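The values are calculated or read from the model by the stated rules, or taken from the named source; none is laboratory data. Since the model is a prediction, treat every value here as computed from it, not as a measurement. Cβ atoms come from the backbone with ideal geometry, glycine included; neighbour counts cover every protein chain shown.
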Amino acid sequence: MRNHPVHPPLTDIVIGAFAVASVLAIVSALGIAERAAASGWWLALVVGVIASVPTAAAGFFDWLRIPAESPAKRVGVLHLLAVVTADLLMLAALLVGHDGYVDETVETVPLVLTLAGMGVLLVGGWLGGSLVFEYGTRVRED
């Protein structure tokens with residue numbers, strides 16, 4: 001019997017939190033419920049950054065189980081690089097945006113960092129999906 005991978009369900013928390021942060025950053029920048037959206041944006045970033053730690057650890061242990069000769073191993077490295085880059089962009093938005101959060105606004109640089117992080121996360125998610133749907137990683141015996 002195979003072990004059920006922990007990484008995929010954890011990704012839902014990270015992706016969801018960062019997606020909410022991205023939407024709230026845009027809403028705040030457009031001046032729609034600016035203060036409430038700015039507070040929600042920053043708090044969603046906190047949730048996403050915290051959740052990314054166990055998610056990355058679980059993904060790393062899943063990656064270790066991929067045979068070295070498998071082409072999925074390389075895709076796993078690309079997935080790792082993309083999602084870590086996205087996490088770092090979101091962490092930068094969190095840190096740079098703290099003063100704006102205190103002032104209940106999303107400033108330009110944190111907005112750009114958030115949206116760039118979400119864009120890179122989408123690429124990383126696509127790569128992660130290819131690990132499952134193209135290579136059957138942690139789904140079927142090869």
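Numbers at a glance
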| quantity | calculated |
| --- | --- |
| Condition met for Gly40 (free of Cβ contacts under 8 Å to residues at least 40 places away in the same chain, in a helix (DSSP H, G or I) and more than 20 Å from Phe133 (Cα to Cα)) | yes |
| Test for Leu45: is it over 30 Å from Phe133 (Cα atoms) and assigned to a helix (DSSP H, G or I) | no |
| Check on Arg65, surrounded by 13 or more Cβ atoms within 10 Å (Cβ to Cβ), more than 30 Å from Ser28 (Cβ to Cβ), out of contact with any Leu (no Cβ under 7 Å at 6 or more places or on another chain) and not hydrophobic (A, V, I, L, M, F, W, C) | no |
| First in region 7-20 and farther than 15 Å from Gly117 by Cβ, second anywhere and among the acidic types (Asp, Glu), Cβ under 8 Å, 6 or more apart | His7/Asp62 |
| Flag for Leu89 being more than 18 Å from His4 (Cα to Cα) and either acidic (Asp, Glu) or out of contact with any Cys (no Cβ under 6 Å at 6 or more places or on another chain) (or both) | yes |
| Test: Ala57 is closer than 20 Å to His4 by Cα and part of a helix (DSSP H, G or I) | yes |
| Which listed residue is closer than 15 Å to Glu107 by Cα and either small (Gly, Ala, Ser) or part of a helix (DSSP H, G or I) (or both), from Gly16, Gly31 | Gly31 |
| Per-region count, region 76-110, residues touching a residue at least 40 places away in the same chain (Cβ under 8 Å), touching a Gly at 6+ places or on another chain (Cβ under 8 Å) and closer than 15 Å to Leu24 by Cα | 4 |
| Subset of region 111-133 (residues that are free of Cβ contacts under 8 Å to residues at least 40 places away in the same chain and more than 30 Å from Arg35 (Cβ to Cβ)) | Trp126, Gly129, Phe133 |
| Residues of region 85-101 classified as charged (D, E, K, R) and surrounded by fewer than 20 Cβ atoms within 10 Å (Cβ to Cβ), total | 1 |
| Within region 6-27, considering residues that are at pLDDT below 95 and not hydrophobic (A, V, I, L, M, F, W, C), the one surrounded by the most Cβ atoms within 10 Å (Cβ to Cβ) | His7 |
| Residue that is surrounded by the most Cβ atoms within 10 Å (Cβ to Cβ) [pool: residues in region 102-142 that are assigned to a helix (DSSP H, G or I) and either in contact with a strand residue (DSSP E or B) (Cβ under 9 Å, 6 or more places away or on another chain) or hydroxyl-bearing (Ser, Thr, Tyr) (or both)] | Thr114 |
| Condition check for Ala86: over 21 Å from Ile15 (Cα atoms), of a type outside the set (D, E, K, R) and assigned to a helix (DSSP H, G or I) | no |
